[in-house]
Amino acid sequence: MSGKPFTGVKILDFTRVLAGPYGSYQLALLGADVIKVESREGDDMRFGSRADDWEKRGLAAPWVAVNSGKRSITLDLKKPRAIEVVKRLAAKADVVMENFRPGVMDKLGIGYETLKAVNPKLIYCAVSGFGQVGPDRETAAFDGMIQAMSGLMSITGFPTNGPTRVGFAGADVMSGATAALGVASALFQRTHTGKGQLVDVAMIDAVMGYLAQQFTEHLMTGRVHEQAANRSVTRKPTGDLYRTKDGWMVLAVMTEPQFQRLMKDIGRADALADPRFSDWPARIANDKALHEIIEAELKKETSATWAERFAKADVPAGRVLSIPEAVQLDHFDRRTILQTVDTPHGPIKVVGSGFRLEHGGGSVERPPATLGQHTDEILREAGYSDADIAGMRADKVA
């Protein structure tokens, strides 16, 4: 792991489920030593419904996806001895991350102010639905709830179907990515100031950050974005979803030269002289007619055929692929985002960093840990003797 951006950074990770773990996972990929602190029963996502062998082993795929590369220690945080352990670990840590409801860590005796007194240089990242400060700070929050309250669902899906969730836990992932950026920012700032600080991530704020265009446009002009279904947010019909002979394609034709090339390549150069399609305002006004013309041609050939033709003609477009189809793209053979990791139960593939660095890029350095796999190792690093550890085991502290 030498040479990675966060090599030498130690993170004490109390996060659970998805939002927090996604953030700490991004930092683990980039070299941080992430110590995942779990209850003796394990993270809520670790065992899933125990429907397959991986879940029965405590390595459910959704958990593995955001926890590979971390070390695992089990502690019963309701016991005073465990709190002593946390304080000792925090004294040597660079970062603490948690996504409990505000106040929970304080009640346990390991909140920000307490750990800050132990380690003034500590960066403490708290992820919650509505932040550490605000009228709703104590309200429990979940992905679907934040998607609803942030306005995200109001602009997703078809008007006839009502507000719609995005196809993944978008609020959780956006919050996790925001947390990782917040921690990285605080670590860099510490190189100038020598000081730790609180990183306060409100999930609803994180989602708003990703909806900056929609919110800013409303605040500046009063315009309200509505559900666009599979239409382009630009409202240009040449950015929409189209049927082909055997599936679907999305066009991304946004400029005049691209439009000219599209119409010529599908054999409808004649439409370029049609006054209904003379410019973008006219095309938007007559979007249904233009959509019908384009789709009638696309339905004559397969998606693969059109993808090849459009690539040669420099017409931006993409086939709609399933997850199993997407992972077969040649693209991923040339990149490093999909990584094979060996486990005692056989090799698995996980998703790594969404970007590459010329030097010290992201990668998974450890297989996903079984529950408490590194407990003894971590306790020894903290200065506990074998007798101490045996006592904690006997008392079910660890």
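The values are calculated or read from the model by the stated rules, or taken from the named source; none is laboratory data. These figures come from a predicted structure and were not determined experimentally. Don't worry about glycine lacking a Cβ; one is built from the backbone with ideal geometry, like all the others, and counts go over all protein chains shown.
Only one of these is touching a Lys or Arg at 6+ places or on another chain (Cβ under 8 Å) and free of Cβ contacts under 8 Å to residues at least 40 places away in the same chain: 209, 222, 239. Name it. None of the other options fit; the residue is 239. Once segment 41-58 is narrowed to residues that are surrounded by 15 or more Cβ atoms within 10 Å (Cβ to Cβ) and not hydrophobic (A, V, I, L, M, F, W, C), the residue that is nearest to residue 344 (Cα to Cα) is 57. Taking the criterion of being in contact with a Pro (Cβ under 8 Å, 6 or more places away or on another chain), within 26 Å of residue 198 (Cβ to Cβ) and β-branched (Val, Ile, Thr), no residue of segment 114-170 qualifies.
Applying the selection to segment 306-343, what residues are surrounded by 13 or more Cβ atoms within 10 Å (Cβ to Cβ), touching a strand residue (DSSP E or B) at 6+ places or on another chain (Cβ under 9 Å) and of a type in the set (S, T, N, Q)? The answer is 339, and nothing else.
When segment 59-93 is examined, which residues are found to be buried (at least 22 other Cβ atoms within 10 Å of the Cβ), in a loop (DSSP other than H, G, I, E, B) and not hydrophobic (A, V, I, L, M, F, W, C)? 68, 69, 70 - these are the residues of segment 59-93 that are buried (at least 22 other Cβ atoms within 10 Å of the Cβ), in a loop (DSSP other than H, G, I, E, B) and not hydrophobic (A, V, I, L, M, F, W, C).
Residues satisfying the criterion are absent from segment 96-109 (criterion: among the β-branched types (Val, Ile, Thr), part of a loop (DSSP other than H, G, I, E, B) and at pLDDT 95 or above). Against the numbered list (1) within 23 Å of residue 7 (Cα to Cα); (2) assigned to a helix (DSSP H, G or I); (3) without any contact (Cβ under 8 Å) to a residue 40 or more places away in the chain; (4) touching a strand residue (DSSP E or B) at 6+ places or on another chain (Cβ under 8 Å), residue 377 comes up short only at (3). The conditions of being closer than 17 Å to residue 16 by Cβ and outside any helix (DSSP H, G or I) are not met by residue 133. For segment 215-251, the tally of residues that are polar (S, T, N, Q), at pLDDT 95 or above and within 30 Å of residue 139 (Cα to Cα) stands at 1.
In the set 57, 16, only one residue is assigned by TED's automatic domain parsing to the domain that holds residue 147, of a type outside the set (Asp, Glu) and farther than 16 Å from residue 173 by Cα; that residue is 57. Among the conditions (1) in a helix (DSSP H, G or I); (2) touching a strand residue (DSSP E or B) at 6+ places or on another chain (Cβ under 7 Å), the only one that residue 271 does not satisfy is (2).
Close contacts from segment 45-68, counting a first residue that is in contact (Cβ under 8 Å) with a residue 12 or more places away in the chain and closer than 14 Å to residue 21 by Cα and a second that is of a type in the set (Asp, Glu) and buried (at least 18 other Cβ atoms within 10 Å of the Cβ), with Cβ to Cβ under 7 Å and a gap of 6+ residues or different chains, come to 63/43.
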